[in-house]
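Q: Okay, handing you the structure first.
The values are calculated or read from the model by the stated rules, or taken from the named source; none is laboratory data. Here the structure is a predicted model, which is why all the values come from computation and not from measurement. Virtual Cβ from ideal backbone geometry, glycine too; neighbours counted across all protein chains shown.
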Amino acid sequence: MGNDKNTKLGAFKDIENLYGPPINKGHDNLARQSEFSLYNFLEREESRLRKIELFCGHKVKTLEDFDQTPTILENQKRMLEAFENSLIDNMLNQNANIHQHLKHIFNKTMKLK
Amino acid sequence: MELPLFRHVSVTRTNQSTLVSLVDSINLNSYPAYITFDSNFDESEIVEMSHSIANHLSKNGTRYKLPFPLYLITNLAYDNHLLLIEKSTSSLPKYFKVSRRNPNQRELQILKRINILREQIEAIPVNKILEAIKTRSKNNRLLKEQSKRLDFYETITQKLGL
């Protein structure tokens, strides 16, 4: 089978000779990669340092100068207190919905009419 | 001009006594570095030295995370939440592992720009900023918890028809 294939492909050998030996591109690519690895690294490093400078030098400073978190926290604390107070007031009321629901549940489970 | 690639600092029996000056000799504003310990050191000695390095860095306010990191290479499970510790040099970030060679003209131009950025970052109190970020993250976590509680109360009041 192998010999048959060789004889069949024999006709293409002349065409193959026209193009010459295959070029080894792998070696060139490796050399190029190592040549540009430092350049690429330096470019990435520059952009990394620029980002650090922008973040630490400008963004964090602005956030520190105009920090809204303590005010928001204070507001939320006040709202939470108001909600809790209103909930407790409503729960303590005898006619509250929760009492009706609890009454219904107890009556159902204890089978009282 | 210094290339911002990993520098190796080795601690041996001969330079053990000058450990502090050895750490000071590392310019962490210019390049990342890693410290390795000689194999003939005991575990307790390595822990002690790591501790003294961490103390020295925190006392001097040396920036050892930003812009360039300083790693300790040790197999020990030593962790004081201050230093960056790796088990071997192979686990160090590959980003800074580039083959060293003399930079050409184009690379020198980028290096110049990098140097300017280094100087700008040097003027920023990075450690203070890292602390500020930590406190801010704590506040944000608190804010998240409170918002969750507020949301819960709002749904309860809506469902109860209050």
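Q: Among (1) closer than 19 Å to A:Arg48 by Cβ; (2) within 7 Å of chain A (Cβ to nearest Cβ); (3) in a helix (DSSP H, G or I), there is one condition B:Ile124 misses while meeting the rest; what is its number?
A: Of (1) closer than 19 Å to A:Arg48 by Cβ; (2) within 7 Å of chain A (Cβ to nearest Cβ); (3) in a helix (DSSP H, G or I), only one is false for B:Ile124: (3).
Q: Which residue is modelled with the highest pLDDT, if the candidates are limited to region A:54-103 and must be of a type in the set (A, V, I, L, M) and within 30 Å of B:Leu66 (Cα to Cα)? Steps first, please.
A: If we filter region A:54-103 for residues that are of a type in the set (A, V, I, L, M), which is where we start, we get A:54, A:60, A:63, A:72-73, A:79-80, A:82, A:87-88, A:91-92, A:96, A:98, A:102.
After this cut, where a residue has to be within 30 Å of B:Leu66 (Cα to Cα) as well, the list is A:54, A:60, A:63.
Values: A:Leu54: 91, A:Val60: 86, A:Leu63: 84.
Looking at the filtered set, the residue picked out is A:Leu54.
Q: Taking region B:148-162 only, how many residues are more than 7 Å from every other protein chain (Cβ to nearest Cβ) and either closer than 25 Å to A:Phe66 by Cα or at pLDDT 85 or above (or both)?
A: The qualifying residues number 5.
Q: How many of the residues making up region B:26-59 are touching a residue at least 12 places away in the same chain (Cβ under 8 Å) and surrounded by fewer than 13 Cβ atoms within 10 Å (Cβ to Cβ)?
A: 3
Q: I would also like to ask the following. Check B:Leu117, B:Leu143 and return the single one that is more than 30 Å from A:Pro70 (Cα to Cα) and either more than 9 Å from chain A (Cβ to nearest Cβ) or surrounded by 14 or more Cβ atoms within 10 Å (Cβ to Cβ) (or both).
A: Numbers: B:Leu143 fails: more than 30 Å from A:Pro70 (Cα to Cα).
The conditions single out B:Leu117.
Q: When the residues of region B:42-73 are narrowed to those that are modelled with pLDDT under 80 and part of a loop (DSSP other than H, G, I, E, B), which ends up farthest from A:Phe41 (Cα to Cα)?
A: Filtering first and then ranking leaves B:Gly61.
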